[in-house]
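Notes follow once the structure below has been shown.
Please treat every number below as a calculation from the coordinates, not as lab data. Model, not experiment: these values are computed from the prediction. All Cβ positions, even for glycine, are placed from backbone atoms using ideal geometry, and neighbour counts span all protein chains on display.
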Amino acid sequence: TWCAVCSKNITTGWMQGKNFECEACHIFCCRDCQLQVDARIPCGSELATIAVKKAQQYKVPSFGHIMTTLAPQLNNSNAEEKTSGVGNEVNDPIGQSNLNMLQPVDGIGIMNIRVLRATIFDKTFPSEADPNEIFESDSNLRNGDHYVRVSWLGSKESKRTKTVLQTSKPFFDSEEMVFDVPHYGMEYKLEVVDANTDKPIGSYLLSAQGLLQWQRDDMLAKKDRLLLSFFHLRRYSEPRRVKLELRTGVKDGFGLNFYNSSKIAGGPKGKETLRTGEISGWLELDVHLEEDQQLFYSLNPRRCPPRADEEFDI
């Protein structure tokens, strides 16, 4: 399994060695993290519960587990039934549809987001501008009171950071936000909000599929992880630090229309000041999606949760 603090690969069981397990909440840690585990992940806290859940999902399979998965064996009762007689009808579970044997699951994994900092521009950049060039811009800045709000598909709930006062470069350094990811079509809307008007300055839509693709690309870029990743002996455990451009007019709801088709009112009638898709700033964060490998690598694979129907605003 992996250390709950530093995510280092450790060995448990009869070959445990210099690793430790909490007798109360059953989280594992390595020798290097023994003195700081209670400060980072207090025993009995929500973080400890999540760490135990992750450890159960991502245990390294034994050699026997791998071989049984590749070549499953019939149990004795099924073997006897298949050879008991020619004329007897046998209810063979192996012959049934795999879809009927799959078990339902609540989600596909857990996502962690930690908002670090942002930069807000006084005047927006055109929607076709290169975000990488805008990230280097240090002029045309807008002071104000700001916070970051995270909402997600299929829910009216949201999470937010603290409010940072009177700055164009708010440094949030938020606590880690933890989200259950119910299906692969999930989208998360990150908004930098003006605290005085409670209106978003800019938004970014983060999809579960896009984040998994980023992580997979990073893993394949490291040759030492390529082969081991196929057997899930190594996993993508490091949070990915990303800079995301904030755009105006991102859709209010989730669906097929990415931007609202109308202009954003900011002046007299017929003289709107902003157009949808223009870049109003950028946001930096650490993000990581822990995918539940039991969905596709298990003796009893589970049905992938269905994606919700998309809404289309004519």
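Quick look at the values:
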| item | result |
| --- | --- |
| Placed amide H near residue 246: partners under 5 Å, 5+ positions off or other chain | 280, 281, 282, 283 |
| In sequence order, calculated HN-Hα J values of the stretch 121-126 (Karplus, 6.51, -1.76, 1.60; Hz; x Gly/Pro) | 9, 6, 10, 6, 9, x |
| J(HN,Hα) series, the stretch 200-215, from Karplus relation 6.51 cos²θ - 1.76 cosθ + 1.60, nearest Hz, glycine and proline x | x, 7, x, 9, 9, 9, 9, 9, 5, 5, x, 5, 4, 5, 4, 5 |
| Interchain or long-range residues, amide H under 5 Å from residue 5's placed H | 30 |
| Violating pairs (Cα-Cα greater than 20 angstrom) within the set 8/54; 123/159; 54/243; 53/162; 156/243 | 123/159; 54/243; 53/162; 156/243 |
| With 5 Å bins from 0: P(r) over the stretch 137-208, alpha-carbon pairs, percent | 3, 15, 24, 23, 17, 10, 6, 2, 0 |
| R0 of 51 Å, Cβ-Cβ distance residue 302-residue 132: FRET efficiency to nearest 0.05 | 0.80 |
| The stretch 143-194: relative contact order in percent, alpha carbon pairs under 8 Å with at least 6 residues between | 48 |
